[in-house]
Structure formats: C-alpha cells, structure tokens
Amino acid sequence: MSAFFDLLGEFLIVFVVVYAASLVVYFATGLVMNEINARNPDRRIQKERDGMKRARAEILASLHALATSSFLLSAGYFAQTQGWVLFAPLELSWWSFPLMFAVCFVVFDAWFYWGHRLLHHPAFYKFHQPHHASVAPTVWSNDSATTVDTLIEHGFYLVVWLVLPVPALSIFALRLFDQISGMVGHSGFEYFAGRSSRAPFPLLCTTYHDLHHSQFHYNFGNFLSLWDRLMGTVHPRYDGIVETIETTGEIPTARETRVQRPAA
C-alpha cells in the first residue's frame with residue numbers, strides 16, 4: 001500500500017509542475033498577444049464583434065481545461081517513466097528529437113481533426129458548444145472547453161506515450177507549440193496570412209480557425225489544412241481570402257467571407 005502512495009505522490013508532483021507551467025504559458029502568451037493586438041487594431045478579423053466581452057468566462061473555463069490536459073500529459077509521461085508503455089523511448093539525440101516531434105505533429109493533427117469532427121456530431125456537440133459560444137474568438141478562447149471536449153481533443157497527450165517510442169522532450173515541445181499556436185490561432189487578429197498558408201501549402205494562418213468559429217461548418221484542422229482538404233471541409237473561400245490579405249494587406253469583412261451553404 002505504501003508503494004501505491006509513493007507512486008501517487010510522485011505523480012502529483014509531476015502534475016503540479018506541468019499544470020503550473022501550462023498556466024504560465026497560457027497567461028504569458030495571452031498578455032503578450034493582447035498587447036500586440038492593442039497596437040494593431042487594423043488586423044482584427046471580425047471587426048463587427050467584440051469577443052473580449054467573454055474573456056472572464058473563457059479564462060475560468062480554461063483553468064479547468066488546462067488542468068485536464070495537464071493531467072493527460074502528466075499521466076502519459078509518468079507511465080513512460082514507470083515503463084508502462086509498449087516501447088521504450090528513443091534515446092534523446094540530434095535526430096530522435098526532431099523526428100519524433102515531426103511524427104507526433106502529423107499524428108496529433110489527424111487525431112485533432114477527427115476528434116473535432118466527432119465533437120460536431122449531434123450526439124457530442126453539447127460538450128463542444130461552450131467553446132463555440134465564442135463566435136469571435138480571442139487569445140483566451142483556445143482552452144475554453146468542457147472536460148469531455150478536452151479529453152477527446154487532447155487524449156492524444158495520454159495515448160502517444162503508450163504506443164510510440166517518443167523522447168519526452170519531443171512531446172513537451174509539441175505541447176508547448178500546440179498551446180502557443182492555438183492561442184495565436186484563436187486571437188482574432190491576422191498577422192501570418194501569406195503564400196505558405198494557402199494551397200498548395202498545408203500550413204494555416206489565424207483566419208483559418210477564425211472562419212471555423214464564425215461559420216462553424218468548415219476548417220476543423222489544428223496545424224494543417226490537409227485533412228480538411230482531403231475531406232472537403234475546408235472553407236470554400238479560404239484560399240482566396242488569404243490571397244486577398246497577402247496581396248492587398250486588407251482583411252475582408254464578414255459579409256465578403258460568408259458562404260451560403262455548409263459543407264456536406
């Protein structure tokens with residue numbers, strides 16, 4: 001019995017450290033992005049809506065969601081340290097770190113896409129609807145989610161340790177990138193629209209996920225547009241919108257981006 005409590009104590013230390021680090025990244029990223037946005041009001045995507053009215057509710061919901069995602073990440077890491085995995089992790093090296101980061105980057109993007117699509121199914125949407133209360137997302141919106149929503153979209157951070165030989169640093173780096181890029185992607189201000197964020201390239205800009213919040217039926221991807229393009233769920237005007245921003249510097253209005261029918 002004492003061995004169980006020893007393990008529990010060790011796990012709780014890991015969890016507290018991971019959760020504390022998550023909160024530091026969350027608030028640091030949010031405050032920095034809000035300062036940048038305040039200095040660039042012309043970069044706002046949905047100029048007709050003020051998403052910051054929901055900031056307090058989003059932050060409170062995020063505290064719970066970040067605890068859930070931190071638990072998943074901590075549990076997976078702790079399982080690996082105890083050897084409760086299918087494969088021992090690769091030794092950290094100049095090649096194993098970027099290789100497994102890239103593999104997990106692609107796998108997580110697929111996990112997120114299909115989990116996100118599942119959450120839009122009528123049987124599960126009640127768990128995802130609170131996230132979509134933010135029609136005009138802000139930097140605080142990224143983690144504003146229910147527990148079930150977080151378990152589905154971030155369950156990857158528990159499972160990946162169990163089935164792939166990942167060096168711990170590769171997963172922690174991916175989670176850091178995921179957190180910061182997700183908050184930038186929800187910020188509601190466009191700074192990165194360019195050639196690499198439209199076809200034939202698979203990368204994204206902030207407008208991509210902003211369109212998902214404002215028009216709901218499109219753009220379910222996280223890092224890449226690959227699955228949306230393969231499954232026909234990319235916003236029909238997305239590439240044209242990005243090209244307009246790229247060539248003119250002007251962000252189209254909501255009326256100019258809206259389409260008449262949802263994707264099949």
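The values are calculated or read from the model by the stated rules, or taken from the named source; none is laboratory data. Fair warning: this is a prediction, and the values are worked out from it, not measured in the lab. Ideal geometry is used to build each Cβ from the backbone, glycine not excepted, and the neighbour counts take in all protein chains shown.
Laid out as a table, the results:
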{"item": "Residue in region 123-138 that is in contact with a Pro (Cβ under 9 Å, 6 or more places away or on another chain), at pLDDT 95 or above and among the hydroxyl-bearing types (Ser, Thr, Tyr) present", "result": "no"}
{"item": "Hits in region 177-191 - residues which are in a helix (DSSP H, G or I) and surrounded by fewer than 21 Cβ atoms within 10 Å (Cβ to Cβ)", "result": "PHE177, GLN179, ILE180, SER181, GLY182, VAL184"}
{"item": "Residues satisfying the stated conditions in region 192-218, i.e. in contact with a Ser or Thr (Cβ under 7 Å, 6 or more places away or on another chain) and outside any helix (DSSP H, G or I)", "result": "PHE192, ALA193, PRO202, LEU203, LEU204, CYS205, TYR218"}
{"item": "Some residue of region 39-48 being of a type outside the set (S, T, N, Q), in a loop (DSSP other than H, G, I, E, B) and under 26 Å from HIS154 (Cβ atoms)", "result": "yes"}
{"item": "Residue match in region 93-112 (condition: under 30 Å from ASP6 (Cα atoms) and of a type outside the set (S, T, N, Q))", "result": "no"}
{"item": "Test for THR81: is it more than 25 Å from ARG56 (Cβ to Cβ) and either more than 19 Å from the chain's Cα centre (by Cα) or surrounded by 18 or more Cβ atoms within 10 Å (Cβ to Cβ) (or both)", "result": "yes"}
{"item": "Helices (runs of 4 or more DSSP H) lying entirely in region 52-165 (those with 1 or more residues that are within 22 Å of VAL14 (Cα to Cα))", "result": "55-81, 96-119, 147-154, 156-163"}
{"item": "Residue check for VAL242: surrounded by fewer than 16 Cβ atoms within 10 Å (Cβ to Cβ) and aliphatic (A, V, I, L, M)", "result": "no"}
{"item": "Enumeration of residues in region 84-117 that are of a type in the set (Phe, Trp, Tyr), in contact (Cβ under 8 Å) with a residue 12 or more places away in the chain and surrounded by fewer than 16 Cβ atoms within 10 Å (Cβ to Cβ)", "result": "TRP84, PHE87, TRP114"}
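Let's see how each residue does on (1) on the phi > 0 side of the Ramachandran plot; (2) at pLDDT below 95; (3) out of contact with any His (no Cβ under 9 Å at 6 or more places or on another chain):
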{"site": "HIS186", "(1), (2), (3)": "no, no, no"}
{"site": "GLU190", "(1), (2), (3)": "no, no, yes"}
{"site": "ALA199", "(1), (2), (3)": "no, yes, yes"}
{"site": "TYR208", "(1), (2), (3)": "no, no, no"}
{"site": "HIS212", "(1), (2), (3)": "no, no, no"}
{"site": "PHE216", "(1), (2), (3)": "yes, yes, no"}
{"site": "ASN219", "(1), (2), (3)": "yes, no, no"}
{"site": "PHE223", "(1), (2), (3)": "no, no, yes"}
